[in-house]
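The structure appears below as structure tokens.
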Amino acid sequence: MTLKTFLEVVEIRTKVASLFPFIMGVLFSMSYFQEVHWGYTALFFLGMLIFDMTTTAINNYMDFKKAKSEEYKYEHNVIGKEQLSPKLVQRMILGMLAFTMLLGLFLAWQTGWLVLIMGGAMCFIGVFYTFGPIPLSRMPLGEIFSGVTMGLGIFAMTIYLNTLEQKIFYLDLDFQAGTFGLTGQLWSVLVILLASLPLVFTIANIMLANNLRDLETDIKNHRYTLVYYIGRKQGILLFKGLMYSCYLVLLLGLFLSLYRWPILVSFLTFPKIHRNLQEHEASLPHPRSFGYAIKNMILFNSSYALGLFISLFL
């Protein structure tokens, strides 16, 4: 397998979806909680990136194995198109999973057991998102699991690793006494939940855009996604609603003092994103329609990150 083919199997171009929650987590830790630990942050980034590549490889492998359409299997799926050995892909997936597990164990040893539990939950969802007899991605739950796991999960874990002194949420385990205690700061946890919502919404919209585009193909391959149940028309309304809600979250956060005034820079993106939403609807079900979800996520979250970055200097 060449490097180029490997990068196609793991779809490296899509990793921006996990990059933004990580960047936001670091910036929010610095701007709101005023604490950062670069060493743990770097290790978590490495593990997060490799695991994200692993879940994508699993997704492509399972789509290849479960495909009902021969055309899709050998002309569209990268494994069939590149004539890759399924066993080679299996070994690659297991190797990346093992490496991620080792990194997770080291971080848990250094920072506390809660990171292992949070990471384990994310890994479980990530693996079974595309694996098993009924993968989550083939159910009307894909948008929820992808949005919450990446948008909230990565964001919260990044903040956890960067705010160890404040113990915003912490699990204390005493194996000798056989006791445990989960402690946390309620208002700080609620702040994290609110600040993560734009990430949850924009990442969920990527899956939703994919399902809006591929509705007919998914039905042929027995993938009954959310769009199958609510219809393309309602799916488009949901797609727009999630995107517009991102701006409402920022206004609420500014009112509640989660953010400072530079966060308003995000509203400069509204006209462009509004046009993208109109063009997305007009282009369905053409393959290029999916690109608008990526464009919106990058544009909005880049401005969100810029607002947080400028706030560091105030």
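The values are calculated or read from the model by the stated rules, or taken from the named source; none is laboratory data. This structure is a prediction, so every number in the text was calculated from the model and none was measured. Quick reminder, even Gly has a Cβ in these numbers, built from the backbone with ideal geometry, and neighbours come from all protein chains shown. What goes into the accessible areas is simple: the full protein's heavy atoms, side chains included, and nothing from ligands, DNA or RNA. Shrake-Rupley method; radii C 1.70, N 1.55, O 1.52, S 1.80 Å.
Using the structure shown, decide if Lys233 is under 27 Å from Ile12 (Cα atoms) and not polar (S, T, N, Q).
It is false that Lys233 is under 27 Å from Ile12 (Cα atoms) and not polar (S, T, N, Q).
Out of curiosity, is Ser31 open to solvent by less than 20 Å² (accessible area, probe 1.4 Å) and either part of a loop (DSSP other than H, G, I, E, B) or out of contact with any His (no Cβ under 6 Å at 6 or more places or on another chain) (or both)?
no
Does the range 242-272 hold any residues that are under 24 Å from the mean Cα position of the chain (by Cα) and in a loop (DSSP other than H, G, I, E, B), and which are they?
Scanning the range 242-272 gives Leu258, Tyr259.
State yes or no: is Val36 more than 25 Å from Ala195 (Cα to Cα) and either surrounded by fewer than 18 Cβ atoms within 10 Å (Cβ to Cβ) or touching a residue at least 60 places away in the same chain (Cβ under 8 Å) (or both)?
When the stated conditions are applied, Val36 does not pass them.
Among (1) under 26 Å from Glu143 (Cβ atoms); (2) modelled with pLDDT of 95 or more, where does Phe309 come up short?
With respect to (1) under 26 Å from Glu143 (Cβ atoms); (2) modelled with pLDDT of 95 or more, Phe309 is out only on (1).
Scan the range 56-68 and tell me whether some residue there is surrounded by fewer than 21 Cβ atoms within 10 Å (Cβ to Cβ), more than 25 Å from Gly112 (Cα to Cα) and of a type in the set (Asp, Glu).
no
Quickly run through the range 273-314 and pick out the residues that are over 23 Å from the mean Cα position of the chain (by Cα), part of a helix (DSSP H, G or I) and not acidic (Asp, Glu).
Hits for the range 273-314 are Arg275, Gln278, Ala282, Ser283, Ile310, Ser311.
Within the range 184-243, how many residues are open to solvent by 50 Å² or more (accessible area, probe 1.4 Å), in contact (Cβ under 8 Å) with a residue 60 or more places away in the chain and of a type in the set (D, E, K, R)?
3
Confirm whether Met122 is surrounded by 17 or more Cβ atoms within 10 Å (Cβ to Cβ), out of contact with any Phe, Trp or Tyr (no Cβ under 7 Å at 6 or more places or on another chain) and modelled with pLDDT of 90 or more.
Answer is no for this residue.
Of (1) β-branched (Val, Ile, Thr); (2) outside any loop (DSSP other than H, G, I, E, B); (3) under 23 Å from Leu161 (Cβ atoms), Val36 satisfies all except one. Which?
All conditions pass for Val36, except number (2).
For the range 116-164, which residues satisfy the criterion of being closer than 13 Å to Asn59 by Cα and of a type in the set (Phe, Trp, Tyr)?
The answer is Phe128, Tyr129, Phe131.
Among the residues of the range 10-21, what is the count of those that are part of a helix (DSSP H, G or I) and buried (at least 21 other Cβ atoms within 10 Å of the Cβ)?
Residues meeting the conditions: 4.
Please determine whether any residue of the range 105-117 is modelled with pLDDT under 90 and under 23 Å from Tyr224 (Cβ atoms).
No, the range 105-117 contains no residue that is modelled with pLDDT under 90 and under 23 Å from Tyr224 (Cβ atoms).
Determine which member of the set Gln83, Gln90 is part of a helix (DSSP H, G or I), surrounded by fewer than 18 Cβ atoms within 10 Å (Cβ to Cβ) and polar (S, T, N, Q).
Matching residue, one of Gln83, Gln90: Gln90.
Any residue in the range 10-19 that is among the hydroxyl-bearing types (Ser, Thr, Tyr) and under 17 Å from the mean Cα position of the chain (by Cα)?
yes
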